[in-house]
Amino acid sequence: MTSSECLYSAKDGMVSLGPEGIALRRWLETRLSELEKVCSPTQRSYPPMLPVKDLARFDYFHNFPHIALCAAPVSLDAIQGSYGGKPHGQLEIIRHEDLADSEYVLPSAACYPVFFDLQGATIETTLHTGVMAQCFRNEPRYEGLIRLRAFSMKEIVCVGTLESAQAHLILFRNEISQLLQSLGIPFSIRPAVDSFYDKASSRAVMQRLVPVKEEFLYEDQLAISSLNLHRNFFGERCGIKLPGGQPAFSSCVGFGIERWMHTLLSHFGGDLQRIERALAG
Ligand SMILES: [Zn+2]
C-alpha cells in the first residue's frame, strides 16, 4: 500500500480515505465537536436526498441549477424495452431519455433539512442544531480535496430572533479564529456573495450594504468555513415563526471537512503526528 493509499486518493471529484485519512478526519471532527460546545447544539441527521418540491421553495433551481445533481430512477419503459445501446456489462452512462423524472436532489449544503423540519413551528427559545452531511455539487472541474463533487459539510444552525442569529455568527467567528490561531494556520476573513439570493434581487443589493456572508480563507485563497446570516428568508419560506407571529431569523456556520483536511495537511507538511498533537491542543 502506498502512502497516498494510506491517506487518501481523489478521483473524479470523489475521495477515498485510507486508515491515516480516517484518523485525520476523526481528530478534526473531535476538535470541531469540542468547538461547537459553546452553543451545545442538538445533533440531527437527515436523509441523503432532498425533495425537489421542498428545495424549489428556496428558489434553488432558479439560483443554482448549475450545481444541482438530481437522482432519478431508470424509467419503467426503458427497463421493459432495451436501454443503454450496449451490452450492459459495458454501460458507462444511462442516457437521460432512459431515466424517469427526478423527484429528489442530492443536497449541496447541510442546513436545508433543518428548515424543512421546522416547517410551521413557533420558536419559543433559540434553537441550535448540529448537522453533518454528505453534500454534492456539479462543478466544471474537480481538484484534490479542495473542489469535490461529493464532500462532507458540518454545519451549526441557529434559528431564533435576528439578535440571536447574529450573536451565533459573532460567537463562531471568534471561536474559529481562535482555533486557527492556536493551530498557527494563516487565514483571513472576507465578505462573500451569499448564494441563497438572486444576484439581481433587492436582497442581494441589501446584502452588499450589510455583508451577510463571510468566509475564512486559508492563505487568502481557499474557503474552509463560512458564516451565513439568512435573515428571515428560511423563516418566511417555511412558515417558521417567532412567538409574536413574525418569521424567525436564522444563521449557519459551515465547515468544509475535506478542505480543512487539505489545510491541515498543507500547513503541517503532511506530518500526521504534528496534526494530531495540534488538534488535541
Ligand atoms: Zn447553511
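The values are calculated or read from the model by the stated rules, or taken from the named source; none is laboratory data. Computed from a predicted structure; not experimentally measured. Cβ: placed from backbone, ideal geometry, glycine included. Neighbour counts: every protein chain shown. Accessible surface areas use protein heavy atoms only, side chains included; no ligands, DNA or RNA. Shrake-Rupley method; radii C 1.70, N 1.55, O 1.52, S 1.80 Å.
What residue, among those in segment 151-187 that are open to solvent by 10 Å² or more (accessible area, probe 1.4 Å) and assigned to a strand (DSSP E or B), is farthest from the ligand (Cβ to nearest atom)? Ranking the qualifying residues of segment 151-187, first place goes to Phe187. Selection of segment 224-244 for residues being open to solvent by less than 40 Å² (accessible area, probe 1.4 Å), more than 12 Å from Thr161 (Cα to Cα) and away from the ligand (no atom under 13 Å from the Cβ) yields Ile224, Cys238, Gly239.
Residue count for segment 262-271 under the criterion of being in contact with a helix residue (DSSP H, G or I) (Cβ under 6 Å, 6 or more places away or on another chain) and in a helix (DSSP H, G or I): the result is 1. The set of residues in segment 19-38 being under 20 Å from His168 (Cβ atoms) and among the aliphatic types (A, V, I, L, M) consists of Leu32, Leu35, Val38. For the condition within 18 Å of the chain's Cα centre (by Cα) and modelled with pLDDT under 95, Asp98 does not qualify.
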